[in-house]
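The values are calculated or read from the model by the stated rules, or taken from the named source; none is laboratory data. Just so you know, these numbers come straight off a predicted model, no measurement behind them. Cβ placement follows ideal geometry from the backbone for every residue including glycine, while neighbour counts extend to all protein chains displayed. Side chains are part of the model used for accessible areas, which takes the heavy atoms of the whole protein and leaves out ligands, DNA and RNA. Shrake-Rupley method; radii C 1.70, N 1.55, O 1.52, S 1.80 Å.
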Amino acid sequence: MSPQPQAAVGAPLSRVDGRLKVTGQAKYAAEHDIKGAVHAVIVDASIGRGRITSIDAGDAEKHPGVLRVIHHRNAPKLPYRDNPGSNNPPGGRRLRVFQDDKVLFHGQPVAVVVATTLEAAQHGASLVQVEYDAEQSSTDLAEAEPGEPTNYARGDAQAGLRDAAVRLDLTYQLARNHHNPMEPHATLARWDGNKLTVWDKTQWVMGTHDELAAVFDLPADAVRVINPFVGGGFGSGLRCWPHTTVAALAARETKRPVKLVLSRRQMYFGTGFRPAYAYRLRLGSDRRGRLTAAIHGIDAETSSYETFTEAIMGAGQMTYSMPNVSQAYRQVPLDVNTPIWMRGPGFATASFAIESAMDELAHKLGIDPIELRRRNEPDEDESSNLPFSTRRLRECYTVGAREFGWHRRSSRPRSRREGDWLIGMGMAASVYDPGRFPAEARARLDADGTAVVETATSDMGPGTYTSQTQVAADALGLTMRTVTFRLGDSLYPQTGPHGGSATMASVGSAVVDACDKVRRQAVKLAVEDRDSPLYGVDAGDVVVRGGRLHVKGNPARGETYQRLLARNDRSHLEARGSYAGPPTPARRSYHAYGAAFAEVAVDATLGLVRVRRMLGVYDAGRIISPKLADSQAIGGIVGGIGGALLEHTVTDHRDGRIVNANLADYLVPVNADVPEVRAIYLDGEDNDGNELGVKGLGEVVQVGVAAALANAVFNATGRRVRELPITAEALL
Ligand code: MOS
């Protein structure tokens with residue numbers, strides 16, 4: 001940890017950009033005012049699979065204000081250079097907009113109308129006549145042929161299961177979920193000669209930058225991506241989607257800056273989604289609840305043209321101790337667009353199956369669900385044989401049980417009733433494997449005693465501006481007010497995606513490195529400057545606080561940055577910092593942990609589920625920003641409530657149409673669905689590969705929530721629902 005006093009880190013500060021956001025001054029992608037910008041509206045395919053046989057854009061082109069209609073018959077061939085070394089795209093061949101007559105999924109862009117006003121573009125889009133030769137599309141996970149499995153095995157799972165005293169064989173179904181961030185995906189594209197600038201909703205500035213350079217075959221310095229604010233993401237912004245290419249193409253063809261905003265409906269097939277899963281889990285244990293074997297059969301949606309994978313297998317390998325595990329993860333290609341990671345990717349899905357099954361096992365054996373988990377707590381990560389950096393799941397259980405009042409839960413289902421309502425409690429373990437990506441940052445301390453720190457990360461809402469300002473302020477020895485943190489521009493030093501719970505550890509480490517270097521430059525200047533009160537002091541004995549350098553333990557002896565820089569005729573001090581990523585090969589198993597607790601009331605006659613209380617207890621390392629952490633935890637739990645009880649993308653398998661592609665029919669939790677939610681963080685640090693001691697919080701908070709709720713529903717009603725979302729019908 002830094003020798004610096006920690007004044008801002010750990011303080012429950014409000015967002016530094018809060019005022020900009022609530023006063024509407026924060027500009028999101030579509031809100032930037034670019035002179036001469038015109039509007040583009042995508043025409044999307046109305047069949048689930050097939051070919052375009054004709055496009056008649058005549059009426060659209062005649063519509064007042066319409067400048068251009070672009071489609072595969074008139075679009076230029078785009079280079080679509082390979083873009084290796086990134087997850088964009090995943091395996092396969094990415095969708096190439098307007099390059100041929102093929103329709104691969106319902107809603108695929110088939111044309112774009114560019115007009116001087118949004119209204120003209122929208123009306124123009126409605127006038128484009130597209131004829132198709134439609135084929136039967138395949139969009140049902142249960143009906144389609146899976147691809148080759150990815151396998152994992154240790155021990156002999158078949159034998160372990162055969163010899164087990166107790167066996168379970170359970171199949172879980174999880175509906176497809178869409179991210180539905182508040183801000184729709186949008187791109188504003190402008191060409192200046194051969195240089196492309198986009199204002200884009202993205203969680204990955206450099207990913208979008210690299211993809212646009214690849215699609216248009218441009219040198220890296222000919223593309224600039226700008227996104228100072230992102231209005232939510234949950235993963236939907238983790239790759240550059242086709243509409244961004246469409247906007248850039250339309251701008252190039254019309255020689256005008258083009259603004260393209262996906263409608264809420266278009267967000268359901270213009271961006272990704274959490275894939276639907278069928279998860280079969282066979283579990284064996286001895287009479288005392290010690291697990292002997294698990295066999296996981298995992299099937300998930302992917303598109304016909306790309307193979308999307310996520311970390312679905314990790315949880316089954318390392319959450320509990322057992323000698324025998326086998327897993328088969330199969331992608332099922334369907335006529336859909338490609339899925340993408342959604343909050344707690346993989347782990348949130350797997351935990352629903354695993355943590356529900358643990359609850360079933362506990363019930364079958366007559367063991368308390370927490371006690372069953374304690375009996376299967378591993379001493380090391382059995383998937384890698386590495387020691388844990390920290391793993392304090394036992395403490396999460398202890399604190400959670402105490403704070404939630406777990407002792408009040410009856411182990412007998414359907415034994416607590418209040419009028420029409422059946423009351424029950426459930427819990428689940430949460431595990432997540434946070435990402436850590438290489439990152440760079442630049443810090444500059446100016447002669448006026450203020451500093452600017454820059455990195456090309458983004459802030460989709462967790463509060464990156466604030467938390468990074470906190471670590472920068474402490475490393476520089478400045479107050480929050482005197483540090484400006486800038487992000488959201490590909491001209492800034494590079495970082496990885498703003499996702500995977502990686503930003504604090506990765507970008508934060510680079511920021512601290514840059515700021516440490518600047519502070520050390522100043523300290524060196526002072527201790528070597530005969531005119532400084534710090535002259536001759538050991539550099540290691542100097543700390544900076546409130547912009548003033550002084551001897552540790554002797555605040556009287558020192559001077560301000562301003563005085564030091566003025567006297568030395570320095571306009572500024574500047575440094576670049578970096579974070580190289582986690583140690584390779586890994587020396588420790590680095591995961592974030594938690595325990596989720598839920599209390600529900602279920603209407604005995606109507607089957608309605610009402611969440612009464614939720615608690616999450618987290619072993620997430622050091623908490624940089626407690627107020628923001630609470631927002632993350634509450635948000636993750638709310639997301640979990642959505643996945644457990646409400647969220648379900650419904651596809652009409654006749655033609656691949658998503659029938660609830662709007663926020664009236666795709667249900668997300670509203671305030672009335674969200675009761676008292678509380679989060680507790682175990683005090684501590686995890687220094688594996690990052691000096692900040694953080695683990696990353698944003699994903700683990702959603703993991704386990706659905707299972708905790710399903711287990712609470714069982715405790716309330718005696719009904720085991722193995723399908724998400726849990727509907728009233730399933731409980732009638
Ligand atoms: Mo998160 S799914 O990495 O935005």
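So Thr245 clears everything in (1) within 16 Å of the ligand (Cβ to nearest atom); (2) outside any loop (DSSP other than H, G, I, E, B) except one condition, right? Which one?
(1)
Is it true that Phe273 is among the hydrophobic types (A, V, I, L, M, F, W, C) and within 16 Å of the ligand (Cβ to nearest atom)?
Yes.
Of everything in segment 180-205, what is within 16 Å of the ligand (Cβ to nearest atom) and buried (at least 23 other Cβ atoms within 10 Å of the Cβ)? Give them in sequence order.
Answer for segment 180-205, where residues must be within 16 Å of the ligand (Cβ to nearest atom) and buried (at least 23 other Cβ atoms within 10 Å of the Cβ): His185, Asp200, Lys201, Thr202, Gln203, Trp204, Val205.
So Ala566 clears everything in (1) of a type in the set (A, V, I, L, M, F, W, C); (2) out of contact with any helix residue (DSSP H, G or I) (no Cβ under 8 Å at 6 or more places or on another chain); (3) within 25 Å of Arg442 (Cβ to Cβ); (4) in a strand (DSSP E or B) except one condition, right? Which one?
(4)
Can you tell me which residues in segment 481-526 are more than 16 Å from the ligand (Cβ to nearest atom), open to solvent by 30 Å² or more (accessible area, probe 1.4 Å) and touching a Leu at 6+ places or on another chain (Cβ under 8 Å)?
Passing the criteria: Gln521, Leu525.
Among the residues of segment 230-239, is there at least one that is crowded, with 22+ Cβ neighbours inside 10 Å and more than 15 Å from the ligand (Cβ to nearest atom)?
No.
Starting from residues that are open to solvent by less than 10 Å² (accessible area, probe 1.4 Å) and in contact (Cβ under 8 Å) with a residue 60 or more places away in the chain, keep the ones in segment 450-467 and report whichever is farthest from the ligand (Cβ to nearest atom).
Ala451
For Gly92, only one of the following conditions fails: (1) at positive phi; (2) small (Gly, Ala, Ser); (3) surrounded by 20 or more Cβ atoms within 10 Å (Cβ to Cβ). What is its number?
Every listed condition holds for Gly92 apart from (3).
Name the residue, out of Leu218, Leu212, that is modelled with pLDDT of 95 or more, outside any loop (DSSP other than H, G, I, E, B), aliphatic (A, V, I, L, M) and away from the ligand (no atom under 16 Å from the Cβ).
Leu212
Looking at (1) of a type in the set (Gly, Ala, Ser); (2) out of contact with any helix residue (DSSP H, G or I) (no Cβ under 8 Å at 6 or more places or on another chain); (3) without any contact (Cβ under 8 Å) to a residue 24 or more places away in the chain, which is the only condition Gly536 fails?
(2)
Provide a single number: the residues in segment 311-340 that are within 13 Å of the ligand (Cβ to nearest atom), open to solvent by 10 Å² or more (accessible area, probe 1.4 Å) and in contact with a strand residue (DSSP E or B) (Cβ under 8 Å, 6 or more places away or on another chain).
0
Residues checked against (1) within 22 Å of Ala11 (Cβ to Cβ); (2) at pLDDT 95 or above; (3) among the acidic types (Asp, Glu):
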residue	(1), (2), (3)
Ala601	no, yes, no
Tyr618	yes, yes, no
Pro626	yes, yes, no
Asp630	yes, yes, yes
Gly635	yes, yes, no
Asp688	no, no, yes
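Residue-wise test of (1) modelled with pLDDT of 95 or more; (2) within 16 Å of the ligand (Cβ to nearest atom).
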{"site": "Ile658", "(1), (2)": "yes, no"}
{"site": "Asn662", "(1), (2)": "yes, no"}
{"site": "Glu676", "(1), (2)": "no, no"}
{"site": "Val694", "(1), (2)": "yes, yes"}
{"site": "Val701", "(1), (2)": "yes, yes"}
{"site": "Asn711", "(1), (2)": "yes, no"}
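Filter segment 405-433 down to the residues that are open to solvent by less than 10 Å² (accessible area, probe 1.4 Å) and under 30 Å from Gly621 (Cα atoms) and list them by number.
Gly405, Met425, Gly426, Met427, Ala428, Ala429, Ser430, Val431
Any residue that is within 16 Å of the ligand (Cβ to nearest atom) and β-branched (Val, Ile, Thr) - is there at least one of those in segment 276-296?
No, because not a single residue in segment 276-296 is within 16 Å of the ligand (Cβ to nearest atom) and β-branched (Val, Ile, Thr).
Inspect all residues belonging to segment 350-373 and state whether any of them is within 30 Å of Asp655 (Cβ to Cβ), within 16 Å of the ligand (Cβ to nearest atom) and of a type in the set (A, V, I, L, M).
Within segment 350-373, none of the residues are within 30 Å of Asp655 (Cβ to Cβ), within 16 Å of the ligand (Cβ to nearest atom) and of a type in the set (A, V, I, L, M).
Can you pull out the residues in segment 674-691 that are open to solvent by 10 Å² or more (accessible area, probe 1.4 Å) and either touching a Ser or Thr at 6+ places or on another chain (Cβ under 9 Å) or closer than 23 Å to Pro387 by Cβ (or both)?
Tyr681, Leu682, Asp683, Gly684, Glu685, Asn687, Asp688, Gly689, Glu691
For segment 418-449, name all the residues that are of a type outside the set (D, E, K, R), in contact with a Ser or Thr (Cβ under 8 Å, 6 or more places away or on another chain) and either away from the ligand (no atom under 16 Å from the Cβ) or part of a loop (DSSP other than H, G, I, E, B) (or both).
Within segment 418-449, Leu422, Gly424, Ala428, Ala429, Pro434, Gly435, Phe437, Pro438, Ala441, Ala447, Gly449 qualify.
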